[in-house]
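Since the structure comes first, as structure tokens, the remarks are kept for the end.
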Amino acid sequence: MKVTNLDERIHVLDNDSNVMTVIKDIAMSGLQEEAFYVLDIGDIVRKHQIWKEKLPRVDPYYAVKCNDNLIVIEVLAALGIGFDCASKTEINKVLSTGVDPSRIIFANPAKPASHIRHAAAMGVDTMTVDNESELHKIKKLFPTAKIVIRIRCDAEVAQCQLGMKFGCDPTQEAPNLLRLASILNLDVVGISFHVGSGCQDPPVYQRAIHHARLLFDLASDLGFNPYLLDIGGGYPGNKGSSIDKIADVINKALDEYFNTDAVHIIAEPGRFYVASAFTLATSIHSKRSVRGDENSPNSITHNMYYINDGVYGSFNCLLYDHQRVTPLPLKNGCGKMIPSSIWGPTCDGLDQVVENILLYEMDLGDWIIFENMGAYTLPVASPFNGFPVPKVHVVADESIW
């Protein structure tokens with residue numbers, strides 16, 4: 001694919017093109033000097049096919065907070081996926097694509113009053129709760145809402161733990177919330193949980209689903225008619241990762257505790273759908289070579305490369321999502337590998353992308369690629385110090401476009 005117009009919304013790939021050839025074409029075209037992304041729609045479609053194969057009983061509701069790129073939302077909407085929204089802004093963005101409000105769950109257990117009123121006005125009536133005050137708030141602002149009680153069941157190992165902030169104790173607090181909801185004459189329709197983002201503890205899903213079963217039974221005893229089980233997020237999405245082990249645990253637990261078509265089972269995958277779909281291209285705009293002591297003044301002991309994106313932009317994921325990134329120089333290197341570090345463009349000394357890595361010598365204007373950059377990057381990026389948030393170029397295979 002030859003790049004002649006960077007303003008085209010979708011670049012269609014022919015048989016001889018892929019994400020890396022597109023990056024090379026854009027980088028070498030002379031039309032792009034700033035950092036940029038390439039979004040591969042085909043990667044998202046393939047992830048959806050994997051989801052349907054591995055978790056056939058679970059309907060995905062994409063976690064918009066993970067990456068709210070409008071084309072991502074449009075593609076997922078076209079695939080029939082639902083959406084997990086946490087604010088009125090996210091709700092509006094999803095609704096703007098024509099998604100029916102019934103395909104949205106307002107999955108924020110602590111919602112501002114104005115956002116609840118907005119959800120009511122927009123017809124988004126399913127929402128999560130994990131505390132008494134939220135029940136009273138909803139009773140006042142949206143008494144016909146469909147309530148989903150969110151319980152806490154943390155993975156022992158996860159990229160981001162969530163239980164400290166959200167989720168009620170399933171054995172003490174959750175039963176009390178069900179009883180209070182009954183007294184308030186609210187409609188509890190289900191149970192939800194989130195084991196933690198980037199879960200590495202598959203058995204936790206079995207424990208959480210078991211807790212949900214017990215609470216379903218209690219809800220029924222209290223006169224509710226629960227029909228929704230939300231098993232949250234936690235599904236890996238990087239290249240080479242797999243949801244097979246997690247899916248195996250979930251499927252077995254669902255067969256044991258929810259072996260019925262009367263319960264609608266959903267999940268809130270985020271990074272699973274978008275992590276590997278986004279590849280970031282950055283270029284070196286400055287370089288500092290640290291040389292040896294007086295005995296070897298001409299030898300380079302360390303290279304410091306300054307690129308046009310950093311921790312205030314896409315690489316905020318290093319600080320807030322505990323991600324690890326691997327730099328891939330676009331051109332092939334040769335000679336001796338030199339200890340190197342990679343730095344962002346801002347004036348903050350903490351703006352470091354890679355602390356210490358062996359790399360071949362690179363020059364100003366060379367490009368460095370970072371894969372698996374779709375999760376919790378762009379939505380949190382800022383133009384701090386006047387450096388722009390990278391533009392997204394979108395590609396799609398001829399077979400799917």
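The values are calculated or read from the model by the stated rules, or taken from the named source; none is laboratory data. Remember, it's a predicted structure, so these values are computed and weren't measured experimentally. Cβ placement follows ideal geometry from the backbone for every residue including glycine, while neighbour counts extend to all protein chains displayed.
Listed values, structure above:
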| read-out | value |
| --- | --- |
| From the options 275, 219, residue that is closer than 30 Å to residue 347 by Cα, outside any strand (DSSP E or B) and at pLDDT 95 or above | 275 |
| Residues satisfying the stated conditions in the stretch 46-68, i.e. buried (at least 21 other Cβ atoms within 10 Å of the Cβ) and either at pLDDT below 95 or closer than 30 Å to residue 261 by Cβ (or both) | 47, 51, 55, 58, 60, 61, 62, 63, 64, 66 |
| Residue 279 vs. criteria within 27 Å of residue 46 (Cβ to Cβ), surrounded by fewer than 20 Cβ atoms within 10 Å (Cβ to Cβ) and hydroxyl-bearing (Ser, Thr, Tyr) | no |
| Residue in the stretch 357-386 that is farthest from the chain's Cα centre (by Cα), counting only those that are closer than 28 Å to residue 269 by Cβ and of a type in the set (S, T, N, Q) | 382 |
| Members of the stretch 225-251 found to be more than 30 Å from residue 42 (Cα to Cα) and outside any loop (DSSP other than H, G, I, E, B), listed by number | 228 |
| Condition check for residue 21: surrounded by fewer than 22 Cβ atoms within 10 Å (Cβ to Cβ), outside any helix (DSSP H, G or I) and hydroxyl-bearing (Ser, Thr, Tyr) | no |
| Looking only at the stretch 306-356, and only at residues there that are farther than 20 Å from residue 271 by Cα and charged (D, E, K, R), the one that is modelled with the highest pLDDT | 309 |
| Residue 62 being outside any loop (DSSP other than H, G, I, E, B), in contact with an Asp or Glu (Cβ under 9 Å, 6 or more places away or on another chain) and under 20 Å from residue 394 (Cα atoms) | yes |
| Only one of 41, 104, 71 that is more than 25 Å from residue 316 (Cα to Cα) and either under 16 Å from the mean Cα position of the chain (by Cα) or surrounded by 22 or more Cβ atoms within 10 Å (Cβ to Cβ) (or both) | 104 |
| Residue that is farthest from residue 175 (Cα to Cα) [pool: residues in the stretch 224-255 that are of a type in the set (Phe, Trp, Tyr) and over 23 Å from the mean Cα position of the chain (by Cα)] | 227 |
| Flag for residue 124 being at pLDDT 95 or above, surrounded by 23 or more Cβ atoms within 10 Å (Cβ to Cβ), assigned to a helix (DSSP H, G or I) and of a type in the set (A, V, I, L, M) | no |
| Scan of the stretch 27-44 for residues that are in contact (Cβ under 8 Å) with a residue 24 or more places away in the chain and under 14 Å from residue 367 (Cβ atoms), ordered by number | 27, 29, 31, 32, 33, 34, 35, 36, 37, 38 |
| Some residue of the stretch 306-324 being touching a Ser or Thr at 6+ places or on another chain (Cβ under 6 Å) and among the charged types (D, E, K, R) | yes |
| Search result, residues across the stretch 57-71 that are of a type outside the set (Phe, Trp, Tyr), within 23 Å of residue 320 (Cα to Cα) and touching a strand residue (DSSP E or B) at 6+ places or on another chain (Cβ under 7 Å) | 63, 64, 69 |
| Selection status of residue 227, out of contact with any helix residue (DSSP H, G or I) (no Cβ under 7 Å at 6 or more places or on another chain) and hydroxyl-bearing (Ser, Thr, Tyr) | yes |
| Single unsatisfied condition, residue 324 versus (1) under 21 Å from residue 237 (Cβ atoms); (2) surrounded by 13 or more Cβ atoms within 10 Å (Cβ to Cβ) | (2) |
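For (1) buried (at least 24 other Cβ atoms within 10 Å of the Cβ); (2) of a type in the set (Asp, Glu); (3) touching a His at 6+ places or on another chain (Cβ under 9 Å), each residue gets a yes or a no:
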| position | (1), (2), (3) |
| --- | --- |
| 238 | no, no, no |
| 242 | no, no, no |
| 252 | no, no, no |
| 258 | no, no, no |
| 268 | yes, yes, yes |
| 283 | no, no, no |
| 290 | no, no, yes |
| 293 | no, yes, no |
| 304 | no, no, no |
